[in-house]
Amino acid sequence: MGIPAADLGHALFQILETGDSGLAAEVVHEQFHNGEAAVSPPACRIAEPAGVLASSAWMRYAFTDLRLPIDEVIAGDSQVWVRLHMKGRHTGAFVLFKGDDVDQIVPPTGREIDLEQIHVLDLHDGKVIRHRAVRDDITMLGQLRVFPPGPVAAVSMLSWRVTGRAARAASEVTQRAAEAARTLP
């Protein structure tokens, strides 16, 4: 019979929290597409379970103790809507991409984040085949105190670029995402 639709929604976010490759192979379709991967490292855009594992590594690189507690799930035969909170502590560089190039790097702030998100998951053959989201990224950047941009955040970001820490962080998170994408059983 397969995994119930609501359970697929829970499982996808468990994969993002943990990087569980066995669970990814079980619940993510081989033709998976993440409609939100445009700002992620290139490996996160892989159209299969590997892309989800890469996304998990990318997010866990930036946010220690990443948690995605689910508030509500609405499931149908071919679609699941999930309302959750993204929580964690920003202890690693949060690297944003534009295509294959680094767009912006937010150096670690040590601050906690807690923001609401809504995710829409399309299902096919009993697995998650597509992901889209409505995220409150402005709230997250506000909690990190980098938006609206102020002098402290600007100096920190500039310092990271000038000292080469930004380039090293971008290289490391890109490598970790690519390695995570290769962990499927």
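Going through MET59, MET86 one at a time, which residue ends up being within 13 Å of the chain's Cα centre (by Cα) and either farther than 20 Å from ALA178 by Cα or part of a loop (DSSP other than H, G, I, E, B) (or both)? MET86 is the lone residue from the list that is within 13 Å of the chain's Cα centre (by Cα) and either farther than 20 Å from ALA178 by Cα or part of a loop (DSSP other than H, G, I, E, B) (or both).
Conditions tested, residue by residue: (1) more than 22 Å from ILE46 (Cβ to Cβ); (2) out of contact with any His (no Cβ under 7 Å at 6 or more places or on another chain).
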site	(1), (2)
HIS90	yes, yes
ASP101	no, yes
ILE138	yes, yes
LEU144	yes, no
SER156	yes, yes
VAL173	no, yes
ALA180	no, yes
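Yes or no: ALA25 surrounded by fewer than 20 Cβ atoms within 10 Å (Cβ to Cβ) and part of a loop (DSSP other than H, G, I, E, B)? So ALA25 fails the test.
Check segment 37-45 and report whether any residue there is in contact with a helix residue (DSSP H, G or I) (Cβ under 6 Å, 6 or more places away or on another chain), open to solvent by 30 Å² or more (accessible area, probe 1.4 Å) and closer than 21 Å to GLN104 by Cα. Yes, segment 37-45 contains at least one residue that is in contact with a helix residue (DSSP H, G or I) (Cβ under 6 Å, 6 or more places away or on another chain), open to solvent by 30 Å² or more (accessible area, probe 1.4 Å) and closer than 21 Å to GLN104 by Cα.
So how many residues does segment 64-117 have that are open to solvent by 70 Å² or more (accessible area, probe 1.4 Å) and aromatic (Phe, Trp, Tyr)? Adding up the residues that qualify gives 1. Restricting attention to segment 118-173 and to residues that are open to solvent by less than 30 Å² (accessible area, probe 1.4 Å) and β-branched (Val, Ile, Thr), the residue that is modelled with the lowest pLDDT turns out to be VAL146. Within segment 31-47, the set of residues being farther than 22 Å from VAL95 by Cα and free of Cβ contacts under 8 Å to residues at least 24 places away in the same chain is empty.
The values are calculated or read from the model by the stated rules, or taken from the named source; none is laboratory data. Keep in mind that what you see is a predicted model, and the values were worked out from it rather than measured. Every residue, glycine as well, gets a Cβ built from its backbone with ideal geometry; the counts of neighbours run over all protein chains shown. SASA here: full protein model, heavy atoms, side chains in, ligands and nucleic acids out. Shrake-Rupley method; radii C 1.70, N 1.55, O 1.52, S 1.80 Å.
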